[in-house]
Every structure is written in C-alpha cells, then in structure tokens.
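Before any comments, here is the structure.
The values are calculated or read from the model by the stated rules, or taken from the named source; none is laboratory data. Note that the structure is a prediction, hence the values are computed from the model and not measured. Every residue, glycine among them, receives a Cβ derived from its backbone with ideal geometry; neighbour counts consider all protein chains shown. Protein only, heavy atoms only, side chains kept; ligands, DNA and RNA dropped before computing areas. Shrake-Rupley method; radii C 1.70, N 1.55, O 1.52, S 1.80 Å.
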Amino acid sequence: LKMEDEGGGWNFFEDDAGGGLFNDLDPESDVATPDGEYIPTKDCIIFLVDCQRQMFCENDRDEVPFENALKCAIATLTDKIISSEHDLVGLCFYGTEKKKNANDFECIYVLQDLDVPDAHRIMQLEALMKSGDFSDYGHANADFPFCDALWACSTMFSNCGVKVAHKRIFLFTNEDHPNAGSKHLCEQSFQRAKDLAELGIDIELFSMNKPGEIFDPTKFYQYILSVPEDEDTGVFSYDASSKFDELRARVRRKEFKKRAITRLPFFIGNDIEIAVRVYNL
C-alpha cells in the first residue's frame, strides 16, 4: 500500500506492477521519478467567457470586455505554444443564443474543445475578433442557469481522456450576480462549484467592470471561487479590471501553475511509503 500527499489530503492506491496510478501518462511531457514512473505535469485550462450583451458594450476605458477576454485567450495560447506545448486549452462561451456542448445545455457553446494549443486555434479567435460578427453564436434572450456553464466545463474535463496535473477554469465576466432573481438557481451554482472543487477543478475569476459600475464579488462569486486567496500575498483578491493590460497581467500571473519536477519516496517503517513531490518555486 502507498499513500500520496496531493496537498488536499492523502490518496491511497495499490502499487500495481502493471501500471497503477500513472499508467496513462506521456513520457515525453511528464516527469520521471527515480523508480521510472511518471508524474503528470500537464496543465488543463478552460476559458469560460460570458457572452451576454453587456460584455460587448464599451467600458469606461473605451474597451470591449469580450474582446479583452479573447485577447487574453490568444496570448495564453501563444505562450503555451512557446513554453508548454503539451498543456491543454479549451474555450467555452456561455450566455449565447446557439448551443453546442456535450450536455446539450441551452446558452452554452463550446468553441474549442480541450486540446494542445496550435496556430489554427489562435487564427480562429483572431478572425472572430477582426470580423466583429457574433451572429453565429448570438446572445441569450432570457435568463439561464449559470450552473450549466460550470457543468459543461466539468464534462469537458471528463471527456479529455488525458492525465493532467491541474484542471482550471478561467472565468471572464462583468456580471457580478447571475441568476439574481432566483435563489434556487444561485444555490445550484454554489453546489456545482463545490462539486468541481471536490474533483480538483479550480475556478479563477477574471472580473471586469461595467461602465460606471464596480464589480461586486460579494453578491455571488465569493461563494463560487474555490481558491479566492491570492497565492502570492495570502490575502483575498477580487480586484476587477477595466483595462486590457491589467486583465492580461492578472491572467499571466495565473497562467503557469507550479509543477513538480520529481517525486521521491519517503519510508515509514517497512510497510508504508509516502510519495514526496519536489517543486521548483
């Protein structure tokens, strides 16, 4: 019997000679341990972008929030190609009139499934920004359950089929209280966020301000975020952005996850082995 500290508790697993915990890893991109096993290091990010009408209105800086979100996605894809080509990135719109998702939810459109970044994906987003034509997706004309967007992301991760080290949702919105008129739908969203946290899926909020209105995370999103505490400062950070440069800087700080560079065995007696992961901070 082995047990491993993943940072959120102990995981127990059998030490099979036939593979076990790391039997579906990629030797080319994952880290080898001294005993020849591999640690998953791939980062998996879904850009979840609000596509309701207010995201297409210019803010106080004369910038369009939706375009800023796409620019961040393009920049992340570019960075990943250069430095982490084996990581997986996907893009999901919510608040659309059209639908395209494995769950067949209304108002959810998966534009890019999780896959390695490449030039074609970047060109697709650049073409969408350049054309300014969003008619292929449209805007939702009625309220819809925000929890469906989180569920759709969970399904995208489940259908990925690749062993990854981190699963994260980068959420872009300027609506600080979705489903404000329905306590039931809000509670469903809170529960769905808890379910994602239990599955090891982190939600990172990249909020943006509306014209003349400051984003207030205490209305809704403080109950959604799995890790609202800033990793570097140790304090809660909910600052919303109006400028692209500010938004991009926040995304870049979260873009690259700390990764284990090796795993070492730590023995307690003759029967218990604890796997210790070593990080380059």
Taking θ as phi - 60°, what are the ³J(HN,Hα) couplings along region 156-168 by the Karplus curve (6.51, -1.76, 1.60), each to the nearest whole Hz, with x for Gly and Pro? 4, 5, 5, 7, 5, x, 10, 6, 10, 8, 9, 10, 9
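Could you state the accessible area per residue of region 47-151 in Å², with a 1.4 Å probe and every protein chain left in place? Intermediate values should be presented prior to the final figure.
On the way: 4720 Å² over 105 residues.
On a per-residue basis, 45 Å².
Length gain on complete extension for the stretch D118 to I274, per 0.36 nm per residue less the alpha carbon to alpha carbon distance? Numbers along the way, then the final one.
Values: separation 156, 0.36 × 156 = 56.16 nm, distance 3.81 nm.
Separation in residues times 0.36 nm, less the Cα-Cα distance, equals 52.4 nm.
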Lys/Arg +1, Asp/Glu -1 at C-beta; region 85-244 dipole; positive extreme among L205, G95, S241: G95
Name the long-range amide H neighbours of M208: under 5 Å, sequence gap of 5 or more, or other chain; modelled H, no Pro or chain starts. T173, N174, S241
Label-point separation, Q222 to E106 (7 Å along Cα→Cβ), nm: 3.2 nm
Excluding M55 itself, what net charge comes from residues whose Cβ is under 12 Å from its Cβ, given Lys and Arg +1 and Asp and Glu -1? -3
Zone of F190's modelled label, taken as backbone nitrogen in region 196-221 under 12 Å from a point 7 Å along Cα→Cβ: 219-221
Suppose each label sits 7 Å from its Cα in the direction of the beta carbon; what would the M129-E198 distance come out to in nanometres? 3.9 nm
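Applying 1/(1 + (r/R0)^6) with R0 = 25 Å to the Cβ-Cβ distance of D60 and N141, what FRET efficiency is obtained, to the nearest 0.05? Please list the in-between numbers first.
Working: r = 27 Å, r/R0 = 1.07.
Once rounded, the FRET efficiency stands at 0.40.
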Where does the charge balance sit around C107 when Lys and Arg score +1, Asp and Glu -1, over other residues with C-beta under 12 Å from its C-beta? -3
In terms of modelled amide H atoms, which long-range or inter-chain residues lie less than 5 Å from the amide H of I203? I169, S226, V227
Over 20 Å between Cα atoms: which of K80/K254; K183/K219; K71/K99; K42/K167; K167/K194 fall into that group? K71/K99
Step through the residues of region 126-142 one at a time and calculate ³J(HN,Hα) from phi using the Karplus curve (6.51 cos²θ - 1.76 cosθ + 1.60, θ = phi - 60°), rounding each to whole Hz and writing x for Gly and Pro. 5, 5, 5, 5, 5, 6, x, 9, 10, 5, 5, 10, x, 10, 4, 9, 9
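Enter the accessible area per residue of region 163-220 (Å², integer; probe 1.4 Å; all protein chains in place).
Values: 2510 Å² over 58 residues.
With the other protein chains kept in place, region 163-220 gives 43 Å² per residue.
Taking all protein chains in place and a 1.4 Å probe, what share, in percent, of the accessible surface of region 84-226 do carbon and sulfur account for?
Working: 3080 of 6440 Å².
Reported share for carbon and sulfur atoms: 48 percent.
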